[in-house]
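Values in this text are rule-based calculations from the coordinates and carry no lab data. The structure displayed is predicted, hence computed values, not measured ones. Note that we place each Cβ from the backbone using ideal geometry, even for glycine, and neighbour counts take in every protein chain shown.
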Amino acid sequence: MARRFFLFERLTRYGPVEIGRALTRDGQKGYLASCTSDQCGWSADYTSYGAVCMAAKGHRCRIK
Ligand SMILES: [Zn+2]
């Protein structure tokens, strides 16, 4: 989970995946999708909200 982006504000979620606004340390904005399932650990960051939503919807969690 040690990514360049860190969660700034929670926005919404799709199933186990949370979407939030993210910021880098140097102030760049982005969006972060992060699976809340402990054993999954999937996360991805994007520069647009549309892209992050697509990624979150497309995530197939290995943990059922
Ligand atoms: Zn997952």
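Sort out which residues of the stretch 37-64 are near the ligand (Cβ under 8 Å from one of its atoms) and touching a Lys or Arg at 6+ places or on another chain (Cβ under 8 Å), and write them in order of number.
So in the stretch 37-64, the residues near the ligand (Cβ under 8 Å from one of its atoms) come out as 37, 40-42, 59-63.
Passing the criteria: only C40.
In the stretch 14-32, what residues are surrounded by fewer than 18 Cβ atoms within 10 Å (Cβ to Cβ) and more than 9 Å from the chain's Cα centre (by Cα)?
So in the stretch 14-32, the residues surrounded by fewer than 18 Cβ atoms within 10 Å (Cβ to Cβ) come out as 14-16, 21, 23-29.
Selection gives Y14, G15, P16, L23, T24, R25, D26, G27, Q28, K29.
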